[in-house]
Amino acid sequence: MPSTTTPLDHSTLLELKRWNTPTIYNGWEQITARDPGKDCFNLEETHDFMPQMGPMVGYAVTVVIEPGNSKHKSADSNAWKDYRKYVASVPGPKIVVVQDLDKPATYGSFWGEVNSNIHRALGCVGVIVDGAIRDVDEMTNAGFKAIARRLCVGHAYSTPVRWNCDVEVFGTKIESGALVHADKHGFLAVPHDESARLLDAATAMDSFECQTMIPAARSAAGQSTEDLLTNIDDACTEFGRLVSERFSNKDGEWS
């Protein structure tokens, strides 16, 4: 993993998996030095083909494919062996992030029943592919979640072209080794240096919402419109105060 940042322990990853991706984004927004309005999340629409499996979280293993290029039919078989060695070498859990060079066309799928079972055995929990998948029921049976653009019938000339490199999927660059959280809403690829505080930030933001704005809105019964608006305004102000106090310095410690 190309980072000096210590990977999160598995228990923390399991806790992150209990929240949806927008909740994780709300926490990341408070601690990031990036532009949370356009960085690190998908800028194009994604399709979650296993929403019943809930969110997935893991470290990105990256690969580039080009199923529409027939020259890959005679590709060196060592490419598959070397690619699988790379995937196996990365600590899990892992999410395979695949850039399809054929985009916007779709000629074939890198993913199906066989490849999903192999990657599951190598410690991968799912895939984000800016292309297609097939065998969606069999992938689900393997416990392998897929976020993709569409389904397709064939595999065409799918083979690893290059791997362990930066990729661009759904309009967003993802580095090999980035912490990825994804669900039916899309994905968030957290930079290496921002993952350690992610869980605490996300849970704090959710707690602040539950202490202020949400109960103010849900206790509307029997109130006059004037009282309701006043209570909501007060709750929003209190929410802002809590956030400001907790995340007073993005580059340092929380207050």
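Within the range 173-199, which residues are farther than 18 Å from Lys94 by Cβ and surrounded by 21 or more Cβ atoms within 10 Å (Cβ to Cβ)?
Gly186
Of all residues in the range 98-124, which are basic (Lys, Arg) and either over 18 Å from Val64 (Cβ atoms) or outside the structural domain of Ala189 (by TED's automatic domain parsing) (or both)?
Arg120, the sole residue that qualifies.
Inside the range 171-204, can you point out the residues that are in contact with a Leu (Cβ under 7 Å, 6 or more places away or on another chain) and farther than 17 Å from Tyr25 by Cα?
Gly171 - this is the single residue of the range 171-204 that is in contact with a Leu (Cβ under 7 Å, 6 or more places away or on another chain) and farther than 17 Å from Tyr25 by Cα.
Collect the residues in the range 120-135 that are outside any loop (DSSP other than H, G, I, E, B), surrounded by fewer than 23 Cβ atoms within 10 Å (Cβ to Cβ) and touching a strand residue (DSSP E or B) at 6+ places or on another chain (Cβ under 6 Å), keeping them in residue-number order.
Of everything in the range 120-135, just one residue is outside any loop (DSSP other than H, G, I, E, B), surrounded by fewer than 23 Cβ atoms within 10 Å (Cβ to Cβ) and touching a strand residue (DSSP E or B) at 6+ places or on another chain (Cβ under 6 Å), namely Val125.
Kindly evaluate Ser158 against the criterion of being more than 17 Å from the chain's Cα centre (by Cα) and either modelled with pLDDT of 95 or more or among the hydrophobic types (A, V, I, L, M, F, W, C) (or both).
Considered against the rule, which asks whether it is more than 17 Å from the chain's Cα centre (by Cα) and either modelled with pLDDT of 95 or more or among the hydrophobic types (A, V, I, L, M, F, W, C) (or both), Ser158 comes out as no.
Can you give me the ranges of the helices (runs of 4 or more DSSP H) entirely in the range 1-106 with at least 2 residues that are basic (Lys, Arg)?
The helices (runs of 4 or more DSSP H) meeting that bar are 78-89.
So, of the residues in the range 210-248 that are in a helix (DSSP H, G or I) and touching a residue at least 60 places away in the same chain (Cβ under 8 Å), which turns out to be surrounded by the most Cβ atoms within 10 Å (Cβ to Cβ)?
Val243
The values are calculated or read from the model by the stated rules, or taken from the named source; none is laboratory data. Please read these numbers as outputs of a predicted model, since none were measured by experiment. When we count neighbours, we look across all protein chains shown, and the Cβ atoms used for this are built from the backbone with ideal geometry, even at glycine.
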